[in-house]
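Undergrad: Dumping the structure here so I can ask a few things about it.
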Amino acid sequence: MHPKEVIYLEHDGKVLLVDESGKGPMMPEKGRMSHGGSLRFPTHGEIVNLGMEYERKGLTTIRFGQEEIQVVKGYPNIGWPKQWAWKDDCISDNRVHPVTREAIYRSIHRLVSKVMVQNNDGDVLMAQVERGHFRGFWTLPGGYMDHDEHPAIGCVRETLEELGLEIVLTDQEPVITQNIFNDEGISFVSFTYRSTWNGSLDELTLQTEEIAAAAWFSPQDALEQAVSHFDREALRSLNR
């Protein structure tokens, strides 16, 4: 039976795994299909038995049906652990416990790229979203980045897809924001760029499955309309 609380120790891409009896460090095998035995994160007591200290950094809750496991994220006070497992090697080994694999998966940043498009009056172009987390609310154009995509490319692509608008970014540095929003522990990172456009809203071609409307807002009104944490952080830079 898996412990109700385990410690996810990570150091420069290496993680500490133990076997069912708490002995470690153990190493995964990429592509192993057999399920015999279970490799997992250690408990606090097992880490103490290994003579190790760590600094607690955060807490993630893993829920599988009625089961709830607390995963404490910590950083060990040791040198680089050569004998620990590479976190990327844990994903494809069936002997690594699903809680461990889920926690590692959640530790990977989700990347979002957005843009603040302004006209000569300083107004900000926003879109009313038709689906997703912010359905019915106003947001800046943008979205998830493709796997092999630079954020400066992603927001240009998203603006064209959502609004039918081709933009050119200014040379200003993006507003970069990171946040974890709930106890699932997934970290989002947003890159919000700037662009200028002085056309009419009638020139836009909205992707109607995703965007219900587009409108100009003053920077202050845009900030008041925005519900996305990342949009609000970026729009605050216009109101300073």
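What follows draws every value from the coordinates through simple rules; no lab data is involved. What you are looking at is a predicted structure, and each value in this text was computed from that prediction instead of being measured. Methodologically, a virtual Cβ is constructed for each residue, glycine included, from the backbone with ideal geometry; neighbour enumeration extends over all protein chains shown.
Undergrad: At R0 = 30 Å, how high is the FRET efficiency between ARG236 and HIS2 if r is their beta carbon distance? Nearest 0.05 is fine. Walk me through the numbers before you get to the answer.
TA: Working: r = 43 Å, r/R0 = 1.43.
Efficiency computed from Cβ-Cβ geometry: 0.10.
Undergrad: What size of dipole, in debye to the nearest 20, comes out for the range 124-240 about its Cα centre when the only charges are +1 on Lys and Arg C-beta atoms and -1 on Asp and Glu C-beta atoms? Can you show the working numbers first?
TA: On the way: 7 positive and 20 negative charges, 88 e Å.
The calculated dipole for the range 124-240 is roughly 420 debye.
Undergrad: Taking 25 °C and 0.890 mPa s as the conditions, I'd like the Stokes-Einstein D for the range 5-106 in µm²/s, using the Kirkwood hydrodynamic radius from alpha carbon pairs. Display every interim value, and only then the final one.
TA: Values: Rh = 13.6 Å.
Rounded to a whole number, D works out at 181 µm²/s.
Undergrad: Once label points are set 7 Å from the Cα along Cα→Cβ at both GLU203 and VAL189, what is their separation, rounded to one decimal in nm?
TA: In this crude spin-label approximation the distance works out to 3.4 nm.
Undergrad: Amide H neighbours of VAL227 under 5 Å, counting only residues 5+ apart in sequence or on other chains, H built in-plane at 1.01 Å?
TA: TRP138
Undergrad: How far, in degrees from 0 to 90, does helix 151-163 lean away from the longest principal axis of the Cα atoms of the chain, to the nearest 10?
TA: Between helix and principal axis, roughly 50 degrees.
Undergrad: Sticking with this structure for a sec: How far, in nm, would the chain grow between ASN182 and ASN119 when pulled straight, counting 0.36 nm per residue and subtracting the alpha carbon separation?
TA: 19.1 nm
Undergrad: Now for a separate question. Rounded if a/c is under 1.5, else prolate if a/b is larger than b/c, else oblate: which is the range 140-179, with a ≥ b ≥ c the root eigenvalues of its Cα gyration tensor?
TA: Details: a/c = 1.59, a/b = 1.22, b/c = 1.31.
Judged from the Cα gyration tensor, the range 140-179 comes out oblate (a/c at least 1.5, b/c at or above a/b).
Undergrad: Where in the range 83-192 are there trypsin sites (Lys or Arg not before Pro) that are in a DSSP coil and have at most 15 other Cβ atoms within 10 angstrom of their Cβ?
TA: Working: sites: LYS87, ARG95, ARG101, ARG106, ARG110, LYS114, ARG131, ARG135, ARG157; in loops: ARG95, ARG131, ARG135.
Those satisfying the criteria are ARG131, ARG135.
Undergrad: With a 10 Å Cβ neighbour count serving as the proxy for reagent exposure, in which order, fewest first, do THR208, THR196, THR100 appear?
TA: Details: THR208 9, THR196 14, THR100 27.
Ordered from fewest to most neighbouring Cβ atoms within 10 Å, THR208, THR196, THR100 come out as THR208, THR196, THR100.
Undergrad: GluC sites (Glu not before Pro), restricted to the range 38-124: which are DSSP loop and have at most 13 other Cβ atoms within 10 Å?
TA: When the GluC sites (Glu not before Pro) of the range 38-124 are filtered for loop state and at most 13 Cβ neighbours within 10 Å, GLU53 remain.
Undergrad: What is the dipole size for the range 5-106, taken about its Cα centre, with +1 at each Lys and Arg Cβ and -1 at each Asp and Glu Cβ, in debye to the nearest 20?
TA: 180
Undergrad: Have a look at GLY143, GLY58, GLY185 and tell me which one the Gaussian network model of the chain (Cα, springs below 10 Å) gives the largest fluctuation.
TA: Top of the fluctuation ranking is GLY58.
Undergrad: Here's a follow-up. Explain nothing, just the number: dipole magnitude of the chain about its Cα centre with +1 on each Lys and Arg Cβ and -1 on each Asp and Glu Cβ, in debye rounded to the nearest 20. Don't skip to the end; give the middle numbers.
TA: On the way: 24 positive and 37 negative charges, 227 e Å.
It works out to roughly 1100 debye.
Undergrad: Please list, ordered by chain and number, the residues whose modelled amide H lies under 5 Å from the amide H of LYS73; skip anything fewer than 5 residues away on the same chain.
TA: Those qualifying (amide H under 5 Å, at least 5 residues apart or on another chain) are TYR8, LYS57, GLY58, LEU59, THR60.
Undergrad: Next question. Rounded, prolate or oblate: pick one for the range 110-236, where a ≥ b ≥ c are the square roots of the eigenvalues of its C-alpha gyration tensor, a/c under 1.5 means rounded, and failing that, prolate if a/b is larger than b/c, else oblate.
TA: rounded
Undergrad: Of the listed values [x] 8, 33, 40, 18, 1; [y] 7, 27, 24, 17, 17, 8, 1; [z] 7, 32, 34, 20, 7, 0, identify the label whose number matches P(r) over Cα pairs in 10 Å bins from 0, in percent calculated from this model.
TA: [y]
Undergrad: Can I ask one more? Where in the range 146-211 are there GluC sites (Glu not before Pro) that are in a DSSP coil and have at most 10 other Cβ atoms within 10 angstrom of their Cβ?
TA: Details: sites: GLU149, GLU158, GLU161, GLU162, GLU166, GLU184, GLU203, GLU209, GLU210; in loops: GLU149, GLU166, GLU184, GLU209, GLU210.
Answer by residue number: GLU166, GLU209.
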